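Enquirer: Sharing a structure, written as structure tokens. Questions coming.
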Amino acid sequence: MTSSIDHAWTLAKERFAQLGIDAEAAIKQLDTLPVSIHCWQGDDVAGFENPEGGLTGGIQATGNYPGKARNAQQLRADLELAISMIPGPNRLNLHAIYLESDTPVPRNEIEPKHFTGWVDWAKKNKLGLDFNPSCFSHPMSADGFTLSSANPEVRQFWIEHCQASRRVSASFGRALGTPSVMNIWVPDGMKDITVDRLAPRERLMSALDEVISEKFDLSEHIDAVESKLFGIGSESYTVGSNEFYLGYAASRGTALCLDAGHFHPTEVISDKISAAMLYVPRLLLHVSRPVRWDSDHVVLLDDETQAIASEIVRHNLFDRVHIGLDFFDASINRIAAWVIGTRNMKKALLKALLEPTDLLKKLEVEGDYTARLALLEEQKSLPWQAVWDMYCQRHDVPVGGQWLDTVRHYETSVLTKR
Ligand SMILES: C[C@H](O)[C@H](O)[C@@H](O)C(=O)CO
Ligand SMILES: [Mn+2]
């Protein structure tokens, strides 16, 4: 018997075909676009190095929802549940503080062996891994500076941490056969009026040059650098600003990381993609949702998420844009947060893949802006949701909101007992 999902899919396929869109091809393309899920939503960016220590670096996870993961086994179990409800290919994005070791490991001495548990797990779950040095929540970052510190000892420590992180990242790429994108974000900045805004940037530039001096094949490791506007306690000056890192990535050939929460409130990263792509080889996206500030709310299927996805699809940037997520909400069920945010990113990609882009571009070139707007608005009510349901069904993940029942059951049976 034909199910309602199959029936809706057949009708949707016909409807899209009338506009010259191949829904089957859209689904196939979506299957080539992994989303890198960030591990840190699962435990409020605590990590396993010193989970009781405070989160520093000017970022904050607010909320006290019960059941956060407290060790690697719990975090992996939570991730497995989330991933079982997200259709299509995924990656896992790890921070260095999620290492596993029986004895304390100084950050500048981390090695691939401290992450073998993650690599084995990634293999078993068919996931690629991405990586991040963790330049925060540490006594050596206590005065707000790391790679740009005026203190040579502090600077050297973080250079060594980032160098060690690159070796870990490359080991992921070799073990899993897919390059690990390693993103460098440093919180360096000042709370108040800064007199010498140049010297820290000079130091950051030369420290980064030291960090990336060891050569790795792009098939195993990709460097990315992430800018920021401000952080809590560094409101007046951020060393690694947008201009700093755009110039750095363009001149050194690294990827540029654009975080949706790291710009002025009316600036959007969707509009930066086409501009930056003319100068940098690759982009890493940290898709997030800033509410008034870099609040890292869960990603919605909103206009900006859609615009980000549409930019990737419209300009065929599939091989040059790495899609990552960056939010950490401790006020709701953390597994639900992963599921909601990641499904939304994928829904936006699917909707973009179902757009009659060639026709829209033709109308634009011809100056028919009336038809362009009419078509853009009409397509919002095309039956993309039936295509999404079929995509979920084929990947054997819950089709609609039923996934929440599974999360609720896990909450009662596992999370509340932690
Ligand atoms: C954990 C951080 O959010 C992350 O490393 C960084 O990407 C960031 O966005 C800091 O604001
Ligand atoms: Mn980020």
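Enquirer: Could you grab me the full set of residues in the range 249-266 that are more than 16 Å from ligand 1 (Cβ to nearest atom) and either crowded, with 23+ Cβ neighbours inside 10 Å or among the polar types (S, T, N, Q) (or both)? Steps first, answer last, please.
Expert: If we filter the range 249-266 for residues that are more than 16 Å from ligand 1 (Cβ to nearest atom), which is where we start, we get 250-253, 266.
Residues satisfying the conditions are SER251, THR266.
Enquirer: Still on this model: Over 18 Å from the mean Cα position of the chain (by Cα), surrounded by fewer than 14 Cβ atoms within 10 Å (Cβ to Cβ), among the acidic types (Asp, Glu) and part of a helix (DSSP H, G or I), is that true of GLU214? Steps first, please.
Expert: Working: over 18 Å from the mean Cα position of the chain (by Cα): yes; surrounded by fewer than 14 Cβ atoms within 10 Å (Cβ to Cβ): yes; among the acidic types (Asp, Glu): yes; part of a helix (DSSP H, G or I): no.
Answer is no for this residue.
Enquirer: A further question on this structure: List the residue pairs whose Cβ atoms are under 9 Å apart, where the first residue sits in the range 54-78 and is among the aliphatic types (A, V, I, L, M), the second is at pLDDT below 95 and within 15 Å of ligand 1 (Cβ to nearest atom), and the two are 6 or more positions apart or on different chains.
Expert: Close Cβ pairs satisfying both conditions: none exist.
Enquirer: Identify, please: which residue in the range 88-109 is surrounded by 22 or more Cβ atoms within 10 Å (Cβ to Cβ) and in a helix (DSSP H, G or I) and is, among those, farthest from the chain's Cα centre (by Cα)?
Expert: For the range 88-109, the residue satisfying everything is ARG107.
Enquirer: Further question: How many residues does the range 380-398 hold that are surrounded by 12 or more Cβ atoms within 10 Å (Cβ to Cβ) and either farther than 19 Å from LEU354 by Cβ or modelled with pLDDT under 95 (or both)?
Expert: 2
Enquirer: Turning to a different aspect of this structure: Looking at this structure, is ALA330 more than 16 Å from ligand 2 (Cβ to nearest atom), closer than 30 Å to THR406 by Cβ and surrounded by fewer than 24 Cβ atoms within 10 Å (Cβ to Cβ)? First the steps, then the outcome.
Expert: Numbers: more than 16 Å from ligand 2 (Cβ to nearest atom): yes; closer than 30 Å to THR406 by Cβ: yes; surrounded by fewer than 24 Cβ atoms within 10 Å (Cβ to Cβ): yes.
Yes: the conditions hold for ALA330.
Enquirer: If you don't mind, there's one more thing I want to ask. Looking at the range 306-320, can you tell me whether even one residue there is within 21 Å of HIS38 (Cβ to Cβ) and among the hydroxyl-bearing types (Ser, Thr, Tyr)?
Expert: Looking through the range 306-320, none of the residues is within 21 Å of HIS38 (Cβ to Cβ) and among the hydroxyl-bearing types (Ser, Thr, Tyr).
Enquirer: Here are the criteria: (1) away from ligand 1 (no atom under 16 Å from the Cβ); (2) part of a helix (DSSP H, G or I); (3) over 30 Å from CYS392 (Cβ atoms). Tell me which single one ARG76 does not satisfy.
Expert: In the conditions (1) away from ligand 1 (no atom under 16 Å from the Cβ); (2) part of a helix (DSSP H, G or I); (3) over 30 Å from CYS392 (Cβ atoms), ARG76 misses (3) alone.
Enquirer: Please state which of the following conditions GLN163 fails to meet, knowing it meets all the rest: (1) in a helix (DSSP H, G or I); (2) more than 16 Å from ligand 1 (Cβ to nearest atom); (3) out of contact with any helix residue (DSSP H, G or I) (no Cβ under 8 Å at 6 or more places or on another chain).
Expert: The single condition GLN163 does not satisfy is (3).
Enquirer: Here's another thing I want to ask about it. Only one of these conditions is not met by PHE131: (1) assigned to a helix (DSSP H, G or I); (2) touching a residue at least 40 places away in the same chain (Cβ under 8 Å); (3) among the hydrophobic types (A, V, I, L, M, F, W, C). Which number is it?
Expert: Just one mismatch for PHE131, condition (1).
Enquirer: Could you list, in sequence order, all residues of the range 272-292 that are within 24 Å of ARG343 (Cα to Cα) and surrounded by fewer than 16 Cβ atoms within 10 Å (Cβ to Cβ)?
Expert: Correct list: VAL291, ARG292.
Enquirer: Could you run through the range 13-36 and say how many residues are surrounded by 14 or more Cβ atoms within 10 Å (Cβ to Cβ) and small (Gly, Ala, Ser)?
Expert: Counting residues in the range 13-36 that are surrounded by 14 or more Cβ atoms within 10 Å (Cβ to Cβ) and small (Gly, Ala, Ser) gives 3.
Enquirer: ASP217 fails exactly one of the following numbered conditions: (1) away from ligand 2 (no atom under 16 Å from the Cβ); (2) within 14 Å of ARG320 (Cβ to Cβ). What is the number of that condition?
Expert: (2)
Enquirer: Are there any pairs with C-beta distances below 7 angstrom linking a residue in the range 168-179 that is outside any helix (DSSP H, G or I) to a residue that is buried (at least 22 other Cβ atoms within 10 Å of the Cβ), with the two at least 6 apart or on different chains, and if so which?
Expert: Taking only residues 6 or more apart or on different chains, the pairs are PRO179/GLY173; PRO179/HIS221; PRO179/ILE222.
Enquirer: Here is a list of conditions, (1) surrounded by 15 or more Cβ atoms within 10 Å (Cβ to Cβ); (2) in contact (Cβ under 8 Å) with a residue 60 or more places away in the chain, and CYS39 meets all of them except one; can you say which number that is?
Expert: (2) is the only condition that CYS39 fails.
Enquirer: Look through the range 32-66, keep the residues that are not in a loop (DSSP other than H, G, I, E, B) and not aromatic (Phe, Trp, Tyr), and return whichever of them is farthest from ligand 2 (Cβ to nearest atom).
Expert: Just the residues of the range 32-66 that are not in a loop (DSSP other than H, G, I, E, B), to begin with: 35-42.
Checking which are not aromatic (Phe, Trp, Tyr) leaves us with 35-39, 41-42.
On the way: VAL35: 15, SER36: 11, ILE37: 14, HIS38: 8, CYS39: 13, GLN41: 12, GLY42: 16 Å.
That would be GLY42.
Enquirer: Within the range 174-186, take every residue that is aliphatic (A, V, I, L, M) and farther than 27 Å from PRO200 by Cα and give me the one that is farthest from ligand 2 (Cβ to nearest atom).
Expert: So the first thing to find is which residues in the range 174-186 are aliphatic (A, V, I, L, M), and the list is 175-176, 181-182, 184, 186.
So of that shortlist, the ones also farther than 27 Å from PRO200 by Cα come out as 175-176.
Details: ALA175: 25, LEU176: 22 Å.
Looking at residues that are aliphatic (A, V, I, L, M) and farther than 27 Å from PRO200 by Cα, I get ALA175.
Enquirer: Specify which of the listed residues (ILE222, ILE269, ILE184) is within 15 Å of ligand 1 (Cβ to nearest atom), more than 28 Å from ALA142 (Cα to Cα), crowded, with 22+ Cβ neighbours inside 10 Å and at pLDDT 95 or above.
Expert: Numbers: ILE222 fails: within 15 Å of ligand 1 (Cβ to nearest atom); ILE184 fails: more than 28 Å from ALA142 (Cα to Cα).
It is ILE269.
Enquirer: Considering each of SER165, SER171 in turn, give the residue that is more than 16 Å from ligand 2 (Cβ to nearest atom) and touching a Phe, Trp or Tyr at 6+ places or on another chain (Cβ under 8 Å).
Expert: On the way: SER165 fails: more than 16 Å from ligand 2 (Cβ to nearest atom).
So the residue among SER165, SER171 that is more than 16 Å from ligand 2 (Cβ to nearest atom) and touching a Phe, Trp or Tyr at 6+ places or on another chain (Cβ under 8 Å) is SER171.
The values are calculated or read from the model by the stated rules, or taken from the named source; none is laboratory data. Note that the coordinates shown come from a computational prediction; the quantities given were computed from them, not determined experimentally. Methodologically, a virtual Cβ is constructed for each residue, glycine included, from the backbone with ideal geometry; neighbour enumeration extends over all protein chains shown.
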